[in-house]
Each structure stands twice: as structure tokens, then as C-alpha cells.
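Here is the structure we will look at.
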Amino acid sequence: MQIEPGVSLKPYNTFGLPAVAGQLVRIRSEADARAVVDHPELGLAPKFVLGGGSNVILTRDMPELVLKVEIPGMRLVAETDRAVIVEFGAGERWHDAVAWTLDQGWPGLENMALIPGTVGAAPVQNIGAYGLELQDRFESLDTVDLVTGRTVTLNAAQCKFAYRDSIFKRALAGKSLITRVRLRLPKRWQPVLGYLDLERKMEETGKHQPDARTIFDWVCSIRRAKLPDPAQIGNVGSFFKNPVVTPEQCRDIIARDPHVVHYPLEDGRFKLAAGWLIDACGWKGKTVGHAGVYDKQALVLVNRGGAIGSEVQTLARAIQESVYGRFGIRLEMEPVMV
Ligand SMILES: Cc1cc2nc3c(=O)[nH]c(=O)nc-3n(C[C@H](O)[C@H](O)[C@H](O)COP(=O)(O)OP(=O)(O)OC[C@H]3O[C@@H](n4cnc5c(N)ncnc54)[C@H](O)[C@@H]3O)c2cc1C
């Protein structure tokens, strides 16, 4: 195990924020994670687990020991009449995992193509896109407890998945390091197409029964057109969750503005489009310091060049306050603010 002192984290977060880790250790296996916990000094140090840095806002240098997860591996672990179970090392890039399953002839993840970051972070906020969430394909995962060093396997119920949420953002936040993730891909594949952008693609191309590879290509092209590429413009994707409200709250908001974009949920509640709320408050294209709101999509905050974490924090809070002032809705941030 190599301890790297004074490591710049700027290349390791997609917003491109400056921060220095006092000490950083690369975790390339489960044994590496256990070795850190068993280490006489490092074992006691506060720790921060870092994947691809595409969902963190670094507002300060990191006195914590940064554990950068780089565990490799993609393999088939089981096959039944109904499904294949595949396992990934937590350090694999999520998009590479999606592409690999398709190359093997196992569809099921295509709607989540091109989401940045690592496989190990995917369960943390139960990533999702274009009508599919990680929990829809999840089998189980392994973690190393960062206090005891014990390996623990969790199933979906134990992970407590919810919309952009899981036990890893709550009771287990900062307490465990995910080392391996197993996904279940059903052999009787059904395309997931009930999403406006995908419906438009079907109309444009005349392909009404697209295969998984076609959906993968569509999702990649839609995402490239809509979202800024972090390699060009620093960002962390959607900055706020879409708020979920009761029918009464929804009626109240519609009374304030009848154009508010809202979708009914199966449980009777409504999901509001956070991007629309932010846009309605006049934030699209605005800048605070060196951070700003993306001109094409108000849900995405961007680095206009040289931004620091506290500027992003100030901008995010100002947006929250104005949305609360106008609509009475508290927007919840999606990325982890450190
Ligand atoms: C352009 C863009 C588009 C995006 N689109 C989407 C989208 O469509 N849907 C979506 O859900 N998200 C999206 N995101 C957000 C982000 O890609 C996901 O949340 C991703 O899963 C984060 O992965 P990461 O490896 O970069 O995690 P990091 O940013 O490194 O970490 C995020 C959190 O997970 C924890 N963590 C990371 N790895 C581990 C591990 N192995 N064990 C325990 N905890 C860990 C960290 O401590 C931190 O709290 C987007 C981001 C960008 C930049």
C-alpha cells in the first residue's frame, strides 16, 4: 500500500474544483481496503471514499484520508434460465460496464449509458436515467466496513434504494467502501421506452421496436446534445433532485404558476421538474463568481473557469432560496458537498 502525500484532487473531480488531499491511498483490491483499516495510523484517521469525482463538490482541502477506489474486474458470475448475473469491480467506469454487457449480448443497462463515474458509486445514489434506475437491475454488493475491516454483502432491501438515495447517503455514509457490485440482467429483455426523448427518437427514425444497441446509441446522442461534457465544461450533471410533492402541494404550486412541469407518480404524489423551477426563477445562464447555471439546462451548474467550491455552494444556496421564495419548495442537492 502506497500513501501519496499532498495530492491535488482537481483532476479527480468533474467540476474541476481545486482541493488537496493531505494523504491519498489507491484501493485496487478488497485486501487494500482491509489493509487501510488494519493500519496502525491510517486505521484511525477519518476517511473519504472517492470514485470518479462526478458527484462531489469539494469546498475545501481534505484533511481526511482519501481512498480512491480503483478496483478492476468485469465477469459473469451466474446464469439461469431467466437472467445473467454479472459482477464488476467498484473502480470500473460505469459506462464501460454498460458497453461491456452489450458486447457480451446481455442487454438491460442501455438506458443508463454514458452516466459518468464508477460502478462502485452507482449504488450510492441509485443512479438512474431515461426510465431506469440501478435498483431495477441490482443483485447485491460487497462492502468493507471502514471501522472493523469486515466484508459485508448487502442485497437491494438492505441498500434501502430510493430516488437518488440509498443507505450509503444515510446510515452508512462515510462508513463503508463498496468493493464489488453484482447486477441481474433478465434474459427476457424488454425495452424501456416510455420517456419523451426516446419516443421522439422512435418517431424521427421510424424504428418503433429498437434493439438494445440502438437505445444505447440514442441515449448517448441525446445526452451528448443536452449535457455539457465535463472534459470541456466542469459540472456534476443534475445539481438538484426533482422534488416529490403531495397532491395538495402540487395544486398550491400550480396556483402560483399554471405552467409548472409535473408528472404523476404511482403512489399518488407528483414529481416536479427542478430545472423548470430554477428556470422560472430566472437563473438560466446566470453566473456567481466563476460558477454558473448552464445556458441550455437550468438543472446543471457549471464551472465557468477557475471556480472554487465555495462559489458553487453560494450559487446553489441562492438558487434554493429563490425557488423556496417563489414556490415554497426546498430543492435538495444531488451531489455530495464536502
Ligand atoms: C455530465 C454528468 C451527467 C450525469 N448524469 C447522471 C444521470 O443521468 N443519472 C445519475 O444518477 N447521475 C448522474 N450524474 C452523477 C454521477 O455521474 C453519478 O452520481 C455517479 O454514480 C458518481 O460516480 P463517481 O464514481 O464519480 O462518484 P464520486 O463523485 O467519486 O462519489 C460520489 C459519492 O459516492 C461515494 N462513493 C464513491 N465511490 C464509492 C465506493 N466505492 N464505496 C462507497 N462510497 C463511494 C463518495 O464518497 C461520494 O459520497 C452525472 C454526472 C455528470 C458529470
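Observations, loosely collected:
- Inter-probe distance in nm under a simple model that places probes 7 Å from Cα toward Cβ, at TYR163 and ASP267: 0.9
- The overall shape of the range 69-165, judged from the alpha-carbon gyration tensor, is rounded, with an a/c ratio under 1.5.
- Amide H to amide H, with H built 1.01 Å from N, ILE127 comes under 5 Å of LEU134, counting only residues 5 or more places away or on other chains.
- All C-alpha pair distances within the range 234-337, sorted into 5 Å bins from zero, spread as 2, 14, 24, 24, 16, 10, 6, 3, 1 percent across the bins.
- Put ARG251, ARG256, ARG180 in order of accessible area, highest first, and with a 1.4 Å probe you get ARG251, ARG256, ARG180.
- Cα gyration tensor shape of the range 10-108, rounded if a/c is under 1.5, else prolate or oblate by comparing a/b with b/c: oblate
- Residue-averaged 222 nm ellipticity for the chain, from DSSP H runs of 4+ at -39500 (n - 2.57), nearest 500: -7500 deg cm²/dmol
- Label separation (LYS10 vs ALA171): 4.1 nm, computed from points 7 Å beyond Cα along the C-beta direction.
- For the range 15-93, the dipole from Cβ point charges (+1 on Lys and Arg, -1 on Asp and Glu) about the Cα centre works out to 200 debye, to the nearest 20.
- Label sites at LYS207 and GLN104, each approximated as a point 7 angstrom past Cα along Cα to Cβ, lie 2.3 nm apart.
- Out-of-range pairs (alpha-carbon distance over 24 Å; input LYS68/LYS175; LYS201/LYS286; LYS68/LYS169; LYS160/LYS226; LYS169/LYS241): LYS201/LYS286; LYS160/LYS226
- In order through the range 131-146: 3J(HN,Hα) via Karplus (6.51 cos²θ - 1.76 cosθ + 1.60), integer Hz, x for Gly, Pro: x, 10, 10, 3, 4, 5, 10, 7, 10, 6, 8, 10, 10, 10, 5, 7
- The range 126-189-the range 236-263 distance, computed between alpha-carbon centres (Å): 28
- In a simple Cβ point-charge model (Lys, Arg +1; Asp, Glu -1; nothing else charged), the chain has a dipole of about 360 debye relative to its Cα centre.
- Residues in the range 81-94 carry Karplus couplings, in order, of 4, 9, 7, 10, 10, 10, 10, 10, x, 4, x, 5, 6, 3 Hz; the curve used is 6.51 cos²θ - 1.76 cosθ + 1.60 with θ = phi - 60°, and Gly or Pro positions show x.
- Beta bridges per DSSP with both ends in the chain, % antiparallel, nearest 5: 80
- For the chain, fraction of C-alpha pairs farther apart than 31 Å, in %: 36
- Alpha-carbon centroid distance for the pair the range 293-325 / the range 1-73, whole angstrom: 26
- For the range 234-337, the fraction of 1.4 Å probe accessible surface lying on carbon and sulfur atoms is 50 percent.
The values are calculated or read from the model by the stated rules, or taken from the named source; none is laboratory data. The structure presented is a predicted model; accordingly, all values stated were derived computationally and were not measured. Neighbour counts run over all protein chains shown; Cβ positions are idealised from the backbone, glycine included. Note: accessible area is taken over every heavy atom of the protein model, side chains too, but ligands, DNA and RNA are not part of it. Shrake-Rupley method; radii C 1.70, N 1.55, O 1.52, S 1.80 Å.
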